[in-house]
1. Looking only at the stretch 231-261, filter to residues that are farther than 23 Å from Gln192 by Cα and in a helix (DSSP H, G or I); which one of those is most open to solvent (accessible area, probe 1.4 Å)?
2. Could you list all residues from the stretch 123-169 that are among the small types (Gly, Ala, Ser), in a helix (DSSP H, G or I), open to solvent by less than 10 Å² (accessible area, probe 1.4 Å) and within 21 Å of Ile355 (Cα to Cα)?
3. Of all residues in the stretch 254-273, how many are without any contact (Cβ under 8 Å) to a residue 24 or more places away in the chain and either touching a Leu at 6+ places or on another chain (Cβ under 7 Å) or of a type in the set (S, T, N, Q) (or both)?
4. Applying the selection to the stretch 181-211, what residues are out of contact with any helix residue (DSSP H, G or I) (no Cβ under 9 Å at 6 or more places or on another chain) and of a type in the set (Gly, Ala, Ser)?
5. Does Leu68 satisfy being surrounded by 23 or more Cβ atoms within 10 Å (Cβ to Cβ), in a helix (DSSP H, G or I) and touching a strand residue (DSSP E or B) at 6+ places or on another chain (Cβ under 8 Å)?
6. Which residues, taken from the stretch 174-230, are open to solvent by 10 Å² or more (accessible area, probe 1.4 Å), part of a loop (DSSP other than H, G, I, E, B), in contact with a strand residue (DSSP E or B) (Cβ under 9 Å, 6 or more places away or on another chain) and of a type in the set (A, V, I, L, M)?
7. Suppose we keep only residues that are in a loop (DSSP other than H, G, I, E, B) and out of contact with any His (no Cβ under 9 Å at 6 or more places or on another chain) within the stretch 111-122. Which one would you say is least open to solvent (accessible area, probe 1.4 Å)?
8. Within the bounds of the stretch 114-121, is there any residue that is without any contact (Cβ under 8 Å) to a residue 24 or more places away in the chain and out of contact with any Lys or Arg (no Cβ under 7 Å at 6 or more places or on another chain)?
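The values are calculated or read from the model by the stated rules, or taken from the named source; none is laboratory data. Bear in mind the structure is a predicted one, so any value in this text is a computation, not a measurement. Don't worry about glycine lacking a Cβ; one is built from the backbone with ideal geometry, like all the others, and counts go over all protein chains shown. The area values use the complete protein model at the heavy-atom level, side chains included, leaving out ligands, DNA and RNA. Shrake-Rupley method; radii C 1.70, N 1.55, O 1.52, S 1.80 Å.
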Amino acid sequence: MAVIFQNPGGARSDHDVYRTDVELARSAEKLGFDSVWAVEHHFTDYTMCPDPMQFLSYMAGCTEHVLLGSMVVVLPWHNPLRAAEQIVTLDNLSNGRVILGIGRGLGRVEFDRFHIPMEESRPRFVEAAEMVLAGLENGYVEYDGKFYKQMRADIRPAPIRSFKGRTYAAAVSPESSRIMAQLGVGILIIPQKPWKEVQKELGEYRRIFRDVRGIEAPQPLSAGWVFVDENADRAAEKAHEYIGSYYKSVIEHYEFVGDHLKSTGGYEYYGEMQNKLGKLGSKEFVDFFVDLQVWGTPEQCYERIMKIHGMVNNSGFNAVLSYGNMPPEEARRNRDTFVRTIMPELKKFDAGAPIDLSPPLQAAAE
């Protein structure tokens, strides 16, 4: 389960949004979800979770077994040493339950307010990722790069086990997929482009991963915006309303109606998205996004999730159940219907290798 804390148009108080999504997250463990995920975004009502490590630390205290995932920590917005410390602290607090997701960011409103030039996001991400990932394995951070120069600093509390096999990155552009392969991390798929393109880029990622690492790449994880209802007509109507309102907030937050991405180095792929949006109009883009997601009757939703697995061979599915202008009572009904009708069937299915949580945690606990 992912919670994203959306408040499009300020229709509710931010506190009310937090109360709803925190309640959803707190229910995850007892309802049988395997993990809870948090996003990172700043300054707008698009998603109001500026510190996923802080929220997940709260969730660590509310739970005993559920895994805790970041979707994602946007590394160019962080001091890499501080990011490594926060990640390791959360892993210590939760006895090793962290699934680390990292990314480079896209929103100009966020880069501008953090005084980070967007043109630097990709090289900053690579340097920061190299720093953080090495620090998580070595127990200290040390780096001499163009953007980050760090004398050796020990991470305390010390890491309790390796993050290899439980680190993923959001990659949308083809260039990012290649970078993630070279870094040796898994792919977290956020559905937003044709599945044939995703398949093609995953193939290139897997090839580079084999060449660089000498082993097969880990199976990806895939997120999906879910709306399930026993009534097929209502499911279709409300999916287009709620998922559609979510994607309208995406277009607004990322300024996809515009042209700044066309001239921003490292964002050429998104510049093409701006071109297409300008030609097609937002309605076509919203409808396209809705069609990528998981909605319908329980049977239809299960089939859509299985179809995604058939295309990308993901080992896990991350359900977003509250989003857009969905009222709190609808979010709870959506969650409960998913848990009652879809999740039991998903748990019967062998999707492949689970998140790597070896070696055992008993030694660290003792």
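1. Per the stated criteria, the residue is Asp233.
2. Ala129, Gly135
3. Qualifying residue count, the stretch 254-273: 2.
4. Selection gives Gly203 alone.
5. no
6. Ile190, Ala217, listed by residue number.
7. Ile116
8. Yes, the conditions are met somewhere in the stretch 114-121.
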